[in-house]
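One structure is given below, encoded as structure tokens.
Where a number appears in this text, it was derived from the coordinates with a stated rule and is not lab data. Note that this is a predicted model, so its numbers are computed, not measured. So basically every Cβ, Gly included, is an ideal-geometry build from the backbone, and we count neighbours across all protein chains shown.
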């Protein structure tokens, strides 16, 4: 009786896992569909992938997306690492407010963050959307994630290691550079990967801050899929899933997610 | 050590200033603009501060939009808890050494582009999509069933998108549950059902509350799903905000709605955090 119920529960869990992954699998399968209108399965082809690389709009959007992601990763990793480290060591008094400041951008509806930055730039600088605006927006929503991941590791650091560095005559910066940073490296790299995935994927916040000529890949896809489903879009989507998937996989291998606690901290602040 | 030597300030300051400048200040802009008016070119005017934008947000014309948003988010929340609870329970009880891996597998789809996952549902649900092809192929239906651009499609897409947000807090709550209490209930002759209702369910209530809030909040702010799976006619608060900003050029009204969304989010998040934290401490 009891094992029957357990088996039923396990079967149910498997079904839910299939539910979570099946749509993505279907999307990938249809990127190999020979039918141009992508209605029915008419045969296997790899043709859609090479055509992507002769599509100037896609290549242009990919270029913008990668440049934004590079800037967002670099800046959010620098700001977030220091912030995470500081947060791990800050006194009681300021910890609460600072945690709130970190948590808020993670839970704010994307649309609210998008319009707030649009208003900010339009009012102060007459901005009508630009590459710079997108880059600043992406840095802003990536910083918290990096900081939370770095903090989780910084809390577990043995303070004696840094003290030893100091005792051996290293300067404050030297200790940071040669002791603290190598110890934090996995978390910093994982944070960078997460930032890359977030930036590479973002649609909503970007859509409010993009201008003429600063269209990203998700924006391009969004503008296309409103008019229907094409195998090219499936092929681009498959590439995006693969790229972000690899980034997340690396972040996971770096050990940040190895405890469920760490993951929850990253998610809920 | 860098922190201890120089003080925490230099570590915290750059990031904190960045977030203050590009996150808090822009939020203040929303608040400010929501009390403004606009001219016929869409420029925001502040010469007469007004509460009209908030009044209009709760006026009869907006009520169908707001209630539809709440309906979508509410259904999504209920479905996510109902689908997610047994999964969280299963991971906690039978996950063994693989708990972390099983949780990551839950989160993995979440990390792939929300847009692309929603697009995948378009492929599945459209008139000549996967579901209809299968039904037709099996001879169950002659004409395709309309699935895309329906309420069902939106709720399905949102549930798919936000299920991980429900499973994680539920897992935390269930995983902390003391198995001895359940055994005690069994020793006192509770059957599986009443042990669940009288012991497991009340003890995991903080997790359920947190999961509800963490699902409801992103669902109510989502505009991609209603836009792509709900069709042009279905308006939600988030879609209205988008229209008011990008084509309607009524920024003050859009700001008021955005501010209301933000307020709901902040209140909900703190309630969720408090609920989970109380659990961890008890």
Could you list B:170, A:102 in order of exposure, starting from the residue whose Cβ has the fewest other Cβ atoms within 10 Å? A:102, B:170
Measure nothing but the geometry: give the 0 to 90° angle between the long axis through the Cα atoms of A:110-125 and the longest principal axis through the Cα atoms of chain A, rounded to 10°. 80
Taking A:25, B:33, B:172, B:131 and counting other beta carbon atoms within 10 angstrom, the fewest-first order is A:25, B:131, B:172, B:33
Below 8 Å between Cα atoms, with a sequence gap of 6+, how large is the relative contact order for the range B:8-128 in percent? 9
Can you compute the modelled spin-label distance between residue A:164 and residue A:29, with each label point 7 Å from Cα toward Cβ, in nm? 5.5
Using alpha carbons only, how many angstrom separate the centre of the range B:223-282 from the centre of the range A:51-95? 24
Pairs of Cα atoms under 8 Å, at least six residues apart: use those to get the relative contact order of chain A, whole percent. 30
Just to be sure I understand: with springs between alpha-carbon atoms less than 10 Å apart, which residue in B:105, B:229, B:79 has the highest mean-square fluctuation in the Gaussian network model of chain B? B:105
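Pull out a ≥ b ≥ c, the square roots of the eigenvalues of the alpha-carbon gyration tensor of the protein assembly as shown, then state rounded if a/c is under 1.5, prolate if not and a/b is larger than b/c, and oblate in the remaining case.
rounded
Mean projection of the alpha-carbon convex hull of the range A:1-96 over all orientations, in nm²?
13.8
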In nm, spacing of pseudo-spin labels at residue B:145 and residue B:50 (7 Å Cα→C-beta vector): 4.8
Average partner coverage of A:82-93, which counts Cβ from other chains inside 10 Å: 5
Express the relative contact order of the range A:98-241 as a whole percentage, based on alpha carbon pairs under 8 Å and six or more residues apart in sequence. 35
How much of the calculated P(r) for the range B:164-212 lies past 13 Å, in percent of all Cα pairs? 54
Scattering profile of the range B:87-195 from the Debye formula, Cα beads only, expressed as log10 I(q)/I(0) at q = 0.11, 0.16, 0.18, 0.21 Å⁻¹, is -0.58, -0.85, -0.92, -1.05
If you take the beta carbon distance between residue B:61 and residue A:123 as r and set R0 to 25 Å, what does 1/(1 + (r/R0)^6) give as a FRET efficiency, to the nearest 0.05? 0.35
Treat the count of other C-beta atoms within 10 Å as a stand-in for reagent exposure and order A:184, A:22, B:163 from fewest to most. A:22, A:184, B:163
The range A:46-166 -> Rg/Rh from Cα coords, Kirkwood Rh, value 1.12
Okay, helix-only estimate at 222 nm for chain B: each DSSP H run of n ≥ 4 adds -39500 (n - 2.57), divide by all residues, round to 500 deg cm²/dmol; what do you get? -22500 deg cm²/dmol
Between helix A:131-155 and chain A: long-axis angle, C-alpha atoms, 0 to 90°, nearest 10: 50
Cα gyration tensor shape of the range A:51-268, rounded if a/c is under 1.5, else prolate or oblate by comparing a/b with b/c: prolate
Please work out the FRET efficiency for the pair residue B:178 and residue A:11, using the Cβ-Cβ distance as r and a Förster radius of 30 Å; give the result to the nearest 0.05. 0.65
Helix-only mean residue ellipticity at 222 nm for chain A, each DSSP H run of n ≥ 4 adding -39500 (n - 2.57), per residue, nearest 500: -25000 deg cm²/dmol
Within the set B:161, B:137, B:207, GNM on chain B using Cα springs under 10 Å gives the largest fluctuation to B:137
Which of rounded, prolate or oblate describes the range B:61-281 when judged by the alpha-carbon gyration tensor and an a/c cut-off of 1.5? oblate
